[in-house]
Amino acid sequence: MSANRLCCLTKSDRAFYEENGYLLIEGAISAVWLNRLRDATDRLVDRARAMTVPDSDIDLEPSHTPNAPRIRRLTQPVALDPVFWEFASESIIVDVAADLVGPNVKFHHSKLNFKWASGGEEVKWHQDIPFYPHTNCSPLTVGVYLGNVGPEQAPMAIVPGSHHGPIFSHYNDKDEWAGFISSKDLGQIDLDSAVPLMGPEGSVTVHSCRVVHGSVPNHSKTSRPLLLNAYSSSDAFPYTAHSTPRPQVGTIVRGEQARFARFDGEKCPIPPDWSKTGYRSIFAAQQDEDHAKR
Ligand SMILES: O=C(O)CCC(=O)C(=O)O
């Protein structure tokens, strides 16, 4: 295969992504893959049932009990079950990433946000790049909805074109990491234009590391598992410690290792050094359960 071959996105998909900072490809993942991913997820949910406190692999809502499990997030599922790594490194989602950042694609991290039924927590408006600054802004995240997502299931919402705007601070006025954009800065963003990304199971979302996005609580009776895998071009290098290091981080999943870093000159506030304190999740940070300092 030619290194420059485009696999699955059209020219207009790519132009849409450049202009808006996101894509939605409905029903792109096969039933075979979805069943394998859901089986692997169920195995980890069973493991979580026995837990009473979160750990570095599985984040729990504060009200979680073994009898009434409420799981917020699997951290780096690629390191918890080989099915997740096979999916992140060999499936069509790598083709999607390669079409946008390629031809050389580096894996950064994965997570599975559950948005548990009847109250799964909100994700406040934020950008991703302030969590993991890179030498350039090629990083993007490919999401897969493991179930059907309509307006009631708290779909991830994106502010189109906001990736062309500033990179915002994600600290609060006490200089503590908040993990979301302050209400003062939100005044600069056209939140009314936000687009909820919805679709049948297996729908794929893509969002740029700079685009403003978030989601409301899930008050429906159905959980909303969203598997997220983040990639960059291989010439983008993180310059802060990884918050959730695992052996898969930094793997070139398509093409070749870069010999030189590419710099785009964008300034990004430095996040806390979670390699010292440990990192739970965006939920814990945004609900002020972490109190991380600069
Ligand atoms: O799960 C969601 O709705 C949003 C996910 C997200 O933005 C994140 O985890 O950074």
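Since every read-out is calculated from the coordinates, none of them should be taken as a lab result. Keep in mind that this is a model prediction, so the values were computed, not measured. Here the Cβ positions follow ideal geometry from the backbone for every residue, glycine too, while neighbour counts run over all protein chains shown.
Please sort 150-160, 105-115 by packing, taking for each peptide the average over its residues of neighbouring beta carbons within 10 angstrom, highest first. Write out the running numbers ahead of the final one.
Numbers: 150-160: 20.3, 105-115: 25.2.
The most tightly packed comes first, giving 105-115, 150-160.
Using the Karplus equation 6.51 cos²θ - 1.76 cosθ + 1.60 (θ = phi - 60°), what ³J(HN,Hα) coupling, rounded to whole Hz, does each residue of region 219-229 give in order, writing x for Gly and Pro?
Whole-Hz 3J(HN,Hα) from phi for region 219-229: 8, 7, 8, 10, 5, 10, x, 10, 8, 10, 10.
With θ set to phi - 60°, apply the Karplus curve 6.51 cos²θ - 1.76 cosθ + 1.60 along region 137-145 and write out the HN-Hα couplings as whole Hz, x wherever there is a Gly or Pro.
Residue by residue, region 137-145 yields 9, 6, x, 8, 10, 9, x, 10, 7 Hz.
Among the lysines, which fall within straight-line cross-link reach of LYS111, defined as a Cα-Cα distance under 19 Å, with same-chain neighbours fewer than 8 residues apart omitted?
The reachable lysines, counting only those whose Cα sits under 19 Å from LYS111, are LYS124.
Count neighbours as other Cβ atoms within 10 Å of each site's Cβ, and list the GluC sites (Glu not before Pro) in region 168-275 that are DSSP loop with at most 13 such neighbours. Please list the in-between numbers first.
On the way: sites: GLU176, GLU201, GLU256, GLU266; in loops: GLU201, GLU256, GLU266.
Those satisfying the criteria are GLU256.
Helix-derived [θ] at 222 nm for the chain: sum -39500 (n - 2.57) over DSSP H runs of at least 4, divide by residue count, nearest 500? Before the final figure, lay out each step's value.
Numbers: 7 runs with 61 residues, N = 294.
-6000 deg cm²/dmol, from helical runs alone.
Give the residue list of chymotrypsin sites (Phe, Trp or Tyr not before Pro) in region 190-294 that are DSSP loop and have at most 16 other beta-carbon atoms within 10 angstrom. Before the final figure, lay out each step's value.
Working: sites: TYR231, TYR239, PHE260, PHE263, TRP274, TYR279, PHE283; in loops: TYR239, PHE260, PHE263, TYR279.
Listed in order of number, the matching sites are TYR239, PHE260, PHE263.
What does the charge count around LEU23 come to, taking other residues whose C-beta lies under 12 Å from its C-beta (Lys +1, Arg +1, Asp -1, Glu -1)?
On the way: positive: ARG14; negative: ASP13, GLU18, GLU19, GLU26, ASP99.
In short, -4.
Search the structure for amide H atoms under 5 Å from the amide H of GLY120, placed 1.01 Å from N in the peptide plane, and list their residues when 5 or more places away or on another chain.
Correct list: ASN218.
Given labels modelled 7 Å from the Cα in the Cβ direction, how far is it in nm from SER169 to ASP185?
0.8 nm
Where does the charge balance sit around ALA241 when Lys and Arg score +1, Asp and Glu -1, over other residues with C-beta under 11 Å from its C-beta? Present the calculation step by step, with values, prior to reporting the outcome.
Numbers: positive: LYS276; negative: ASP273.
Spelling it out: positives minus negatives among the neighbours equals 0.
Multiply the residue separation of SER12 and ALA50 by 0.36 nm, subtract the distance between their alpha-carbon atoms, and state the gained length in nm to one decimal. Present the calculation step by step, with values, prior to reporting the outcome.
Values: separation 38, 0.36 × 38 = 13.68 nm, distance 4.74 nm.
Result: 8.9 nm gained on full extension.
Taking H placed 1.01 Å from N in the peptide plane, check which residues at least 5 places from THR251 or on another chain put their amide H under 5 Å from its amide H.
Those qualifying (amide H under 5 Å, at least 5 residues apart or on another chain) are PHE107.
Would you please give the FRET efficiency between VAL32 and VAL216, computed as 1/(1 + (r/R0)^6) with r the Cβ-Cβ distance and R0 = 35 Å, to the nearest 0.05? List each step's numbers first, then the result.
Working: r = 32 Å, r/R0 = 0.91.
Step by step, r from the Cβ atoms, then E = 0.65.
Would you list which lysines come within 24 Å of LYS11, measuring only between C-alpha atoms, while excluding same-chain residues fewer than 8 positions from it?
Partners within reach: LYS106.
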